[in-house]
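> I'd like to ask some things about the structure below.
The values are calculated or read from the model by the stated rules, or taken from the named source; none is laboratory data. Because the structure is predicted, anything quoted here is derived from the model rather than measured. Cβ placement follows ideal geometry from the backbone for every residue including glycine, while neighbour counts extend to all protein chains displayed.
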């Protein structure tokens with residue numbers, strides 16, 4: 001006859017769950033009016049995404065990612081408009097720094113997420129969301145290799161395993177395909193005389 005320990009293992013069932021995947025605070029929560037760290041959270045989150053863009057260096061099509069990022073941040077409830085609109089300036093500064101200092105951007109991003117220099121910040125509680133948004137941003141240019149490496153290295157540092165990254169990437173690809181299909185199905189606007 002089985003005993004209770006067969007049905008109720010002494011181990012915590014979540015013991016092997018990757019702790020980083022449990023940290024899924026949304027960006028909306030980070031920048032809500034009720035969050036006292038709202039501005040620092042917005043700056044840190046935007047800076048991390050700018051670091052991703054800068055990690056690939058400058059390219060002819062980088063403006064497409066910048067446009068996507070600005071639109072994304074502006075569309076978010078309560079995201080400070082002045083931070084969202086300064087993205088292109090920050091990316092340009094960080095890209096020039098990246099070409100001079102190599103992999104320093106990744107180290108700076110990790111350090112910034114762990115301890116934001118300008119005060120309290122909650123972005124470390126939203127690493128899964130940040131990684132997801134980084135994949136969405138990289139997808140705009142079909143995942144430039146340097147950006148993919150940046151995301152994977154950051155994810156590894158914060159404890160998100162590669163299996164989870166593959167799932168996130170697959171979700172982003174499905175999202176991109178669904179948006180593309182929706183654009184194709186959308187009727188052209190009629191021109192009234």
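> On the basis of being within 13 Å of the chain's Cα centre (by Cα), surrounded by 13 or more Cβ atoms within 10 Å (Cβ to Cβ), at negative phi and in a helix (DSSP H, G or I), does residue 46 make the cut?
Numbers: within 13 Å of the chain's Cα centre (by Cα): yes; surrounded by 13 or more Cβ atoms within 10 Å (Cβ to Cβ): yes; at negative phi: yes; in a helix (DSSP H, G or I): yes.
Yes, satisfied.
> Out of 178, 188, 193, which single residue is over 19 Å from the mean Cα position of the chain (by Cα) and modelled with pLDDT of 85 or more? Outline the logic, then answer.
Values: 188 fails: modelled with pLDDT of 85 or more; 193 fails: modelled with pLDDT of 85 or more.
The match here is 178.
> Another one. Out of 138, 126, which single residue is buried (at least 19 other Cβ atoms within 10 Å of the Cβ), in contact (Cβ under 8 Å) with a residue 60 or more places away in the chain and over 21 Å from residue 93 (Cβ atoms)?
On the way: 138 fails: over 21 Å from residue 93 (Cβ atoms).
That would be 126, the only listed residue that is buried (at least 19 other Cβ atoms within 10 Å of the Cβ), in contact (Cβ under 8 Å) with a residue 60 or more places away in the chain and over 21 Å from residue 93 (Cβ atoms).
> Name the single residue that is nearest to residue 140 (Cα to Cα) among those in the range 64-84 being modelled with pLDDT of 90 or more and loosely packed, with under 13 Cβ neighbours inside 10 Å.
The selected residue is 64.
> Quick check on my filter: what residues within the range 1-43 are more than 16 Å from the chain's Cα centre (by Cα), at pLDDT 50 or above and in a loop (DSSP other than H, G, I, E, B)?
Correct list: 32, 33, 34, 35, 36, 37.
> Also, I was wondering about something else. Restricting attention to the range 104-123, and to residues there that are in contact (Cβ under 8 Å) with a residue 12 or more places away in the chain and more than 14 Å from residue 157 (Cβ to Cβ), which single residue is surrounded by the most Cβ atoms within 10 Å (Cβ to Cβ)? Working first, answer last.
Looking only at the range 104-123, we keep the residues that are in contact (Cβ under 8 Å) with a residue 12 or more places away in the chain, and these are 105-106, 108-110, 112-113, 116, 118-123.
Subsequent filtering for residues that are more than 14 Å from residue 157 (Cβ to Cβ) retains 116, 118-122.
Numbers: 116: 19, 118: 10, 119: 10, 120: 11, 121: 22, 122: 20.
Within the range 104-123, the match that is surrounded by the most Cβ atoms within 10 Å (Cβ to Cβ) is 121.
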